[in-house]
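Participant: Take a look at the following structure, please.
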Amino acid sequence: NETELIVGLDYPPTEKYQEGYMKIIDYLDSVKSFLKITIIKHQHNLGAIGNIEYLIKYVTDRYDAYIFSEDDNEFSPNFLEYMNNGLEKYKHDMRVYSICGYNYPVNMEEYTKNIFAFHGCSAWGIGRWTHKFPNITLSDIQKMAYNPINILKVLIKAPDIFITLIMMLKRKEFFGDTSHVFYSVINNKVSIFPTISKVRNW
């Protein structure tokens, strides 16, 4: 009841998706429990990246922070509380790039804190600040990836994603999460993760 929900509903790419599109419209009409619900119905198909970039521009023109999700995430009851607290707590810490709701399936039994900082990034429920993420698109990050100095930084600081980065450069096919990890590494940023994941992806 403190959050505006903004939905970017892309237009079907072909006629065969029209039935599913109408089902989504019917479902969205039944969604309640938010402070406000804004549904942006595109008049032509933008595709996933186009829709995401449109939404982020829409939101950053209006708010100083936002929480992004795709449509196949299921959240814990305290997900919004966790995200909002994190967005407030780290608002002025320029090293913190984002608040992530998902934690990777790793054994953390011996770790006693509720959160941790890591150069990784997961878009399965992620919070960001407008002033820390000014008008940077996936295309901008891709251009940075072709800089040999930046590639060397990744090799030294985050060898765990180096192979993935080289694979993306070779295929000229960039994945969103890995691109943001790359951006974090070359700019000395971290994201905040929950010890116990607050998101399930379907």
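Participant: Quick one: Ser139 ticks every box in (1) farther than 21 Å from Val96 by Cα; (2) modelled with pLDDT under 75; (3) surrounded by 15 or more Cβ atoms within 10 Å (Cβ to Cβ) bar one, so which box is it?
Facilitator: Of (1) farther than 21 Å from Val96 by Cα; (2) modelled with pLDDT under 75; (3) surrounded by 15 or more Cβ atoms within 10 Å (Cβ to Cβ), only one is false for Ser139: (3).
Participant: Contact list please: Cβ distance under 7 Å, first residue in the range 81-92 and charged (D, E, K, R), second residue outside any helix (DSSP H, G or I), pairs at least six apart or on different chains.
Facilitator: The qualifying pairs are Lys91/Trp129.
Participant: While we're here: Out of all the residues in the range 21-58, which are within 20 Å of Ile126 (Cβ to Cβ), among the hydroxyl-bearing types (Ser, Thr, Tyr) and open to solvent by 80 Å² or more (accessible area, probe 1.4 Å)?
Facilitator: Residue satisfying the conditions is Tyr54 alone.
Participant: Looking at Ile25, Ile39 in this structure, which one is β-branched (Val, Ile, Thr) and either assigned to a loop (DSSP other than H, G, I, E, B) or closer than 29 Å to Ile141 by Cβ (or both)?
Facilitator: Working: Ile25 fails: either assigned to a loop (DSSP other than H, G, I, E, B) or closer than 29 Å to Ile141 by Cβ (or both).
Result: Ile39 is the single residue among Ile25, Ile39 that is β-branched (Val, Ile, Thr) and either assigned to a loop (DSSP other than H, G, I, E, B) or closer than 29 Å to Ile141 by Cβ (or both).
Participant: Could you grab me the full set of residues in the range 8-20 that are over 16 Å from Glu70 (Cα atoms), open to solvent by less than 100 Å² (accessible area, probe 1.4 Å) and not in a loop (DSSP other than H, G, I, E, B)?
Facilitator: Answer for the range 8-20, where residues must be over 16 Å from Glu70 (Cα atoms), open to solvent by less than 100 Å² (accessible area, probe 1.4 Å) and not in a loop (DSSP other than H, G, I, E, B): Gln18, Gly20.
Participant: A further question follows. Looking only at the range 181-202, filter to residues that are out of contact with any Asp or Glu (no Cβ under 8 Å at 6 or more places or on another chain) and open to solvent by 30 Å² or more (accessible area, probe 1.4 Å); which one of those is modelled with the lowest pLDDT?
Facilitator: Among those residues, the one meeting the criterion is Asn187.
Participant: While we're here: Cβ contacts < 8 Å: first residue basic (Lys, Arg), restricted to the range 29-48; second residue in a helix (DSSP H, G or I), any location; separation 6+ or different chain. Result?
Facilitator: Lys41/Ile25
The values are calculated or read from the model by the stated rules, or taken from the named source; none is laboratory data. Just so you know, these numbers come straight off a predicted model, no measurement behind them. Every residue, glycine as well, gets a Cβ built from its backbone with ideal geometry; the counts of neighbours run over all protein chains shown. Side chains are part of the model used for accessible areas, which takes the heavy atoms of the whole protein and leaves out ligands, DNA and RNA. Shrake-Rupley method; radii C 1.70, N 1.55, O 1.52, S 1.80 Å.
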